[in-house]
Amino acid sequence: MAAEIAEIQGKALQVKLNLVTRIEETWLRELFPTDVTSGFHVAYDAINKRVMNLEQTRFRDLVLHSRERGEPNLGLAATLLAEEIVSKRLDLPTWTEKTEQWITRLNCLAIWMPELELPTITEEDRRLLIEQICYGATAYRQIKDRTPDSALHAWLSAAHRDMLEQYAPERVKLASGRTARVEYRDNAPPQMAVILQHLYDTLENPRIAGGKVSVLVEILAPSQRPVQTTGDLGSFWKTSYQAVKTQLRGRYPRHEWR
């Protein structure tokens, strides 16, 4: 125990200890019998990226002895591993943009069609889903290849999963017979990017959520560079298409131009 502690500020802060006295554990037990406790503590080892079960003796909050013993509680281990992932100190490679899109689709559809009574996913729910992915593991190596598919699948009932696919599909079919991927966005209309030629005969913006929501269309040149984004394809064909056609036809003469 240090009886005198001084901080000396120079080029770097130094801590100087004076009158250091050795304290025996037996003295603490005699003087403070109720403040010396023994028990197990579950902790995350950041160096080895695993959760440990530690048998510790403590004087109040000071650890006197600590050794690893046995396996940690799986629920606590999942919570600690999930915290590392949520805090981005660990990466979960299988939690991809597709996973984020699934969550955004669900949350958007719940707003657009509240009558479906879909269970949304909040930030706290994300943590719970990640804990489910981590459950049963005590080390990062055991979870880094686990996918979130099962946890997401279990989040919805079979009926709700069907509703999600029906009213907020990943892809929509165009009049040309091709399909286009819909990008769902928080606090913004859904959007899709489509090459102009694939939009022929599609006279209106696709609609989802039982017709309640119109999908913005980002029109692409054959090079897949954006040309224009529109919420009114009918107006585009009537007022803008000829100018776009004149601009692009010379660059891409092998493509169909109606």
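At 0.36 nm per residue, minus the direct Cα-Cα distance, what do Asp91 and Glu117 gain on full extension? Give it in nm, one decimal, please.
This chain segment gains 6.1 nm when fully extended.
Counting other Cβ atoms within 10 Å, keep those with at most 14, restrict to DSSP loop, and tell me which trypsin sites (Lys or Arg not before Pro) in the range 66-147 are left.
Sparse-neighbourhood loop trypsin sites (Lys or Arg not before Pro): Arg69, Lys88, Arg89.
Defining a contact as two alpha carbons under 8 Å apart and six or more residues distant in sequence, what relative contact order in percent does the chain show?
11 percent
At R0 = 41 Å, how high is the FRET efficiency between Gln101 and Glu71 if r is their beta carbon distance? Nearest 0.05 is fine.
E between Gln101 and Glu71, to the nearest 0.05, is 0.65.
Quick one: if you stick a label point 7 Å off each Cα along the C-beta vector at Ala243 and Leu203, how many nm between them?
2.4 nm
Structure shown: which of Lys98/Lys238; Lys88/Lys212; Lys98/Lys245; Lys173/Lys238; Lys144/Lys173 lie over 27 Å apart, alpha-carbon to alpha-carbon?
Lys98/Lys238; Lys88/Lys212; Lys98/Lys245; Lys144/Lys173
So for the range 157-258, taking the charge dipole from beta-carbon charges (+1 Lys/Arg, -1 Asp/Glu), which of Trp257, Val194, Gly234 sits furthest toward the positive end?
The residue sitting farthest along the positive end of the dipole is Trp257.
Sum -39500 (n - 2.57) across every DSSP H segment of at least 4 residues in the chain, then divide by the residue count to get the 222 nm mean residue ellipticity, nearest 500.
My calculation for the chain gives -8500 deg cm²/dmol from helical runs alone.
Given charges of +1 on the Cβ of Lys and Arg and -1 on the Cβ of Asp and Glu, with all other atoms neutral, how large is the dipole of the range 68-139 about its Cα centre, in debye to the nearest 20? Before the final figure, lay out the partial values.
Details: 7 positive and 13 negative charges, 31 e Å.
Dipole magnitude for the range 68-139 comes out near 160 debye.
Calculate what fraction, in whole %, of the accessible area of the chain sits on carbon and sulfur atoms when a 1.4 Å probe is rolled over the protein chains.
Carbon and sulfur: 50 percent of the exposed surface of the chain.
How far apart, in nanometres, would the label points at Arg60 and Trp257 be if each is projected 7 angstrom from Cα along the Cα-to-Cβ direction?
If labels sit at Arg60 and Trp257, their model points lie 8.3 nm apart.
Hey, what's the chain come to in accessible area per residue, 1.4 Å probe, Å²?
On the way: 16140 Å² over 258 residues.
Heavy-atom SASA per residue in the chain reads 63 Å².
Treating only the Cβ of Lys, Arg, Asp and Glu as charged (+1, +1, -1, -1), what charge dipole size does the chain show about its Cα centre? Round to the nearest 20 debye.
On the way: 34 positive and 34 negative charges, 310 e Å.
Result for the chain is approximately 1480 debye, rounded to the nearest 20.
Quick one: accessible surface of Glu204, probe radius 1.4 Å, all protein chains present, in square angstrom to the nearest 10.
140 Å²
Can you compute the FRET efficiency between Glu218 and Glu124 using 1/(1 + (r/R0)^6), with r the Cβ-Cβ distance and R0 = 25 Å? Round to the nearest 0.05.
In this case the efficiency is close to 0.15.
The values are calculated or read from the model by the stated rules, or taken from the named source; none is laboratory data. These numbers come from a predicted model, not from an experiment. Glycine gets a Cβ as well: all are built from the backbone with ideal geometry, and neighbour counts include every protein chain shown. Just the protein is used for accessible areas: all its heavy atoms, side chains included, with ligands, DNA and RNA removed. Shrake-Rupley method; radii C 1.70, N 1.55, O 1.52, S 1.80 Å.
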